[in-house]
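The values are calculated or read from the model by the stated rules, or taken from the named source; none is laboratory data. The model shown is predicted, which means the values in this text are computed figures rather than measured ones. We place every Cβ from the backbone using ideal geometry, glycine too, and count neighbours over all the protein chains shown. Accessible surface is based on the protein model in full, side chains and every heavy atom, while ligands, DNA and RNA are left aside. Shrake-Rupley method; radii C 1.70, N 1.55, O 1.52, S 1.80 Å.
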Amino acid sequence: MNPTYNFRDQVALITGAGSGMGLATAQAFAEAGAAVVLADVDEAAVRAASEALNEGGHNTIAVVCDVADETSVAATVERAVAEFGRLDMAFNNAGIQIPLSDAADEELEYFEKVHAVNLRGVWACMKHELRQMRAQGSGAIVNCSSLGGLVGAAGRASYHSSKFGVIGLTQSAALQYAPRGVRINAVCPGTIVTPMVTAMFGNGELDRERALAITPMGRFGKPEEIASAVLWLCSPGASFVVGAALPVDGGYVAQ
Ligand code: NAD
């Protein structure tokens with residue numbers, strides 16, 4: 001059963017909307033009636049995604065955006081508001097993985113890269129979205145953390161550090177904006193079958209059988225299951241939910 005939402009006359013901005021859970025969330029917002037801004041650094045992917053949605057009768061635009069570049073993020077939010085007049089919901093989802101590494105050997109370059117996208121990207125997005133939402137006095141933001149924002153994993157210190165950071169940003173900004181009409185939360189996906197994870201299975205960065213064995217539900221998640229949590233967090237159904245870091249992980253972090 002899929003709950004249905006009515007986001008008609010509302011505007012959603014999704015980063016990393018060209019693939020995986022960002023794409024599924026953009027589709028879900030569009031199907032629920034929102035005007036959607038699909039932002040991604042991958043121009044071909046985000047244009048194709050937006051065109052496919054518009055062919056299906058939805059109202060979307062594609063914006064090429066590198067979340068690691070604050071100027072690009074500011075321009076994306078400006079474009080969203082110029083096009084649709086407001087910004088009601090944002091899913092700050094764009095993120096990358098880096099190779100597994102012994103913490104004693106990891107290159108500075110990888111630490112910098114994963115934080116520039118996964119943490120500084122969320123910081124920049126939230127900052128510029130909040131300027132618009134502060135002026136409106138309303139909005140809902142969902143930041144993409146991970147089960148890696150709640151627990152550690154050997155070999156993944158820098159990725160997990162970036163995702164723990166997302167929860168710190170989320171909770172602190174949520175407290176500041178709770179009395180001002182803007183709700184800010186995070187989702188913490190478990191292993192979700194997206195191009196990112198499929199690539200990790202393929203290159204040996206993630207052992208499929210082991211990942212399945214340590215997921216209590218005994219299966220991986222689908223991008224639509226993250227979209228579903230994001231839409232709920234942005235909906236009036238979550239009107240008293242603020243500063244949450246919601247695991248959507250088949251039970252992984254409950255163990
Ligand atoms: P994905 O690789 O399928 O999609 C990520 C998208 O982000 C791509 O379209 C990519 O082009 C875009 N992107 C990358 N860097 C960008 C940048 N600098 N600026 C703008 N866009 C950029 O990945 P996914 O699995 O859908 O992951 C989405 C988010 O979920 C990421 O933040 C990831 O860390 C997080 N996550 C994924 C899983 C999982 O199991 N798939 C689990 C936990 C958290």
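For this structure, a couple of remarks:
- Residue match in the range 109-121 (condition: among the charged types (D, E, K, R), within 12 Å of the ligand (Cβ to nearest atom) and under 14 Å from the mean Cα position of the chain (by Cα)): yes
- Selection status of Ser162, more than 11 Å from the ligand (Cβ to nearest atom) and out of contact with any Gly (no Cβ under 6 Å at 6 or more places or on another chain): no
- Considered as a group, the residues in the range 102-142 that are in contact (Cβ under 8 Å) with a residue 60 or more places away in the chain and outside any helix (DSSP H, G or I) include one that is surrounded by the most Cβ atoms within 10 Å (Cβ to Cβ), and that residue is Val142.
- Subset of the range 169-194 (residues that are within 16 Å of the ligand (Cβ to nearest atom), surrounded by fewer than 23 Cβ atoms within 10 Å (Cβ to Cβ) and in a helix (DSSP H, G or I)): Leu169
- Pair list, Cβ under 6 Å, 6 or more apart: the range 212-238 residue in a helix (DSSP H, G or I), other residue open to solvent by 80 Å² or more (accessible area, probe 1.4 Å): Ala238/Trp232
- In the range 17-40 there is no residue that is open to solvent by 40 Å² or more (accessible area, probe 1.4 Å), closer than 21 Å to Val197 by Cβ and of a type in the set (D, E, K, R).
- Count of residues meeting criterion [closer than 16 Å to Ala153 by Cβ and exposed (fewer than 14 other Cβ atoms within 10 Å of the Cβ)] in the range 197-213: 4
- The one condition in (1) touching a residue at least 40 places away in the same chain (Cβ under 8 Å); (2) of a type in the set (A, V, I, L, M); (3) in a helix (DSSP H, G or I); (4) in contact with a helix residue (DSSP H, G or I) (Cβ under 7 Å, 6 or more places away or on another chain) that Ala90 fails to fulfil: (3)
- If the condition is being within 9 Å of the ligand (Cβ to nearest atom) and either farther than 25 Å from Met196 by Cβ or of a type in the set (D, E, K, R) (or both), then the range 67-103 contributes only Asp69.
- Scanning the range 130-157 for residues that are within 16 Å of the ligand (Cβ to nearest atom) and among the hydrophobic types (A, V, I, L, M, F, W, C) turns up Ile141, Val142, Cys144, Leu147, Leu150, Val151, Ala153, Ala157.
- Of all the residues in the range 41-62, those that are in a helix (DSSP H, G or I) and either buried (at least 17 other Cβ atoms within 10 Å of the Cβ) or more than 15 Å from the ligand (Cβ to nearest atom) (or both) number 9.
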